[in-house]
Amino acid sequence: MSRFPLSRTKILITAGVAIATAGTLTVTLVSGDPEPVRAAPVAATQTIALQSSGDLRKDLDAILADPALKGARVGVVVRSYGDGKLLYARGGGTPLIPASNQKLATTAAAFGILGPGHTFRTSVMTRAARRGATLRGDLVLKGTGDPTLQAKDYDRLAAQLRAKGVRKVTGRLLADDSWFDARRWPQGWDPTDAPFAYAAQVSALTVSPDADFNAGSIAVEVSPRAAGTPVAVRTVPATGHVKIVNRATTGAPGSASTISVLRKSGANVIEVTGSQPAGGGTRTSLASVHEPTLYAADVFRRALRARGIAVTGKTVRGAAPKGSRTLASRKSIPLAKLAVPYMKLSNNNIAEILVKSIGRKKSGKGTWAAGLPAVRRYVSTLGVKTSQLTFADGSGLGRGNRQTADQLVNLLRGVRTKPWFRAYYNSLPIAGKPEPWVGGTLRTRMVGTAAEGNAHAKTGTLTGATALSGYVKSPDGVPVVYSILFNAYPGSITAVRGVQDKIVVRLAGGSSPQRLTVQSHPSQRVPELECSWIGTC
């Protein structure tokens, strides 16, 4: 799926590299995939196979000497999975922008506080009296943050209502998003990102255009007609909440596709420009939607109409009156399953929904002000020293977040003891696996190396900041935990990701730096954002 052109932000960080010495190369032997640790680390240890394949410290130093990192701020820490022995460290205590590695903390807190079985419920309610097939009053659509709702799910809610004999509502359709507050963005997000799906607005009542759960966005499908005529444009889902301005034309067969789909900030006007070649097929782009609550309500209202249920009043935002009864409801998949597309594809909207849900669970307030401190407190119970960290949002899209490689490794080791660790581990992208819900943002990286199918890690990319933190096994099957953070690097994102990949491949027992080659993206300049946000993976 192609996405539209991306906003590019700039970052200025004072360059500098802090260095810490590496510790003894020993590790507790753990066979197979990482599992929750049920008891204290086993005393017996063996020398890790990393050492027999060469000097780890020397090899990682050589990899980090890449010109793409000259003058960059670097944080790299590697520890054994079992006993936590330090295998390598450089700049491990330096607070750096983690990009989407921020989601590692958010997800751990969500599993720990909400629970892996947490679901979101959407309800159709009323306090109106019923006379035959008519509800004499308002109908309420109430949400609790479900990011998995698609048009088909709103249709099923409408079908439940029809099955109960309702054919007419004399009042209004109330869109109740009061489970969260009315703030749509965390503080500090770049306003130039607003039109794009990866920065969709957060609401307790929303709709996704696809099965990847890009909540708060809409898909715009552009299809060619005869050369020289306007293209055909439709939205998924169909909605009157968004206006399409079509200025695009159909180009000659074989010509380049130059289609651009862009929403105007602060409005629901999406302009389609450029050209799509005749016979070139349909091109689909995602755009964020302004005020997703009313977008969801419009999709539901259309579903009601299609099911033969008329609502005579207007659609407005409003809370369900006390004493309202439930007429229809829908429950989402549990968090343990939702975490797969969320983490594999680095979904920012879901991360922020989880933060607000945590705030609601802990203090009765679905706000970032309530949720972020709760995330901080929870990860501190996992051995994370939060005094060194800054939590500005749950997703890492904001540039105000700060993490250290030390504490990300502590977090990844701390979750090992939890009964939900398997679900957490399985949510991480897997290197070189082509399926989107398996490889995710690592599906095109480390292909054909010792890390393929082995490295499970969370990626993170913003302009001037990239991260990769997770787990990988040596040739003996012994897992290690690592975090690699780079800020303010002079090289291209392709080159810098290549450095990250070389480190992980080396940890997996791959070739020494002199002989290692890593598959990467094409040589053209790649936007410095997560590949899943721009449709390149």
note = When (1) modelled with pLDDT of 95 or more; (2) surrounded by 20 or more Cβ atoms within 10 Å (Cβ to Cβ); (3) part of a loop (DSSP other than H, G, I, E, B) are applied to Ala182, the one that fails is (2)
remark   = Within region 144-157, restricting to residues that are of a type outside the set (Gly, Ala, Ser) and within 13 Å of Leu304 (Cβ to Cβ), the one that is surrounded by the most Cβ atoms within 10 Å (Cβ to Cβ) is Tyr154
inquiry  = Which condition from (1) surrounded by 21 or more Cβ atoms within 10 Å (Cβ to Cβ); (2) on the phi > 0 side of the Ramachandran plot is the one that Gly448 breaks?
reply    = (1)
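Does Leu141 satisfy the criteria of being crowded, with 24+ Cβ neighbours inside 10 Å, over 21 Å from the mean Cα position of the chain (by Cα) and either in the same structural domain as Arg360 (by TED's automatic domain parsing) or of a type in the set (Asp, Glu) (or both)?
No, not satisfied.
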Boolean, Asp393 is in a loop (DSSP other than H, G, I, E, B) and either acidic (Asp, Glu) or crowded, with 21+ Cβ neighbours inside 10 Å (or both) = yes
ask   = Within region 465-472, is even one residue in a loop (DSSP other than H, G, I, E, B), surrounded by fewer than 24 Cβ atoms within 10 Å (Cβ to Cβ) and modelled with pLDDT of 95 or more?
value = no
remark   = Of (1) without any contact (Cβ under 8 Å) to a residue 60 or more places away in the chain; (2) assigned by TED's automatic domain parsing to the domain that holds Ala423, Asp298 fails just (2)
remark   = The one condition Thr367 fails out of (1) under 20 Å from the mean Cα position of the chain (by Cα); (2) surrounded by 21 or more Cβ atoms within 10 Å (Cβ to Cβ) is (2)
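Find the residue count for region 190-208, including only residues that are in a loop (DSSP other than H, G, I, E, B), out of contact with any strand residue (DSSP E or B) (no Cβ under 7 Å at 6 or more places or on another chain) and more than 30 Å from Lys331 (Cβ to Cβ).
Selection size over region 190-208: 1.
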remark   = So, first residue more than 17 Å from His241 (Cα to Cα) and outside the structural domain of Thr284 (by TED's automatic domain parsing) in region 188-212, second residue among the acidic types (Asp, Glu) and outside any loop (DSSP other than H, G, I, E, B), Cβ within less than 9 Å, six or more apart or across chains; the pairs are Ala199/Asp193; Ala204/Asp176
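If we keep just the residues of region 431-445 that are crowded, with 24+ Cβ neighbours inside 10 Å and hydrophobic (A, V, I, L, M, F, W, C), which is farthest from Pro98 (Cα to Cα)?
By that ranking, first place goes to Ala431.
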ask   = Could you count how many residues in region 324-349 are more than 15 Å from the chain's Cα centre (by Cα), closer than 25 Å to Ala175 by Cβ and not in a strand (DSSP E or B)?
value = 3
inquiry  = If I filter region 246-256 for residues that are of a type in the set (D, E, K, R) and surrounded by fewer than 18 Cβ atoms within 10 Å (Cβ to Cβ), do I get at least one hit?
reply    = yes
ask   = Only one residue in Gly498, Gly460 is of a type outside the set (A, V, I, L, M) and under 19 Å from the mean Cα position of the chain (by Cα). Which one?
value = Gly460
Hits in region 399-410 - residues which are in contact (Cβ under 8 Å) with a residue 40 or more places away in the chain and either on the phi > 0 side of the Ramachandran plot or surrounded by fewer than 24 Cβ atoms within 10 Å (Cβ to Cβ) (or both) = Arg399, Gly400, Arg402, Thr404, Asp406
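Determine if region 364-379 includes at least one residue that is of a type in the set (D, E, K, R), part of a helix (DSSP H, G or I), modelled with pLDDT of 95 or more and over 12 Å from Ala105 (Cα atoms).
Looking for residues that are of a type in the set (D, E, K, R), part of a helix (DSSP H, G or I), modelled with pLDDT of 95 or more and over 12 Å from Ala105 (Cα atoms), one finds none in region 364-379, hence no.
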task = Could you grab me the full set of residues in region 119-154 that are on the phi > 0 side of the Ramachandran plot and in contact (Cβ under 8 Å) with a residue 60 or more places away in the chain?
result = Gly145
request  = Of all residues in region 281-323, count the ones that are hydroxyl-bearing (Ser, Thr, Tyr) and part of a helix (DSSP H, G or I).
outcome  = 2
ask   = Which ones in region 209-235 are touching a helix residue (DSSP H, G or I) at 6+ places or on another chain (Cβ under 6 Å) and not in a loop (DSSP other than H, G, I, E, B)?
value = Ser217
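The values are calculated or read from the model by the stated rules, or taken from the named source; none is laboratory data. Since this is a predicted model, take the numbers as computed values, not measurements. Every residue, glycine as well, gets a Cβ built from its backbone with ideal geometry; the counts of neighbours run over all protein chains shown.
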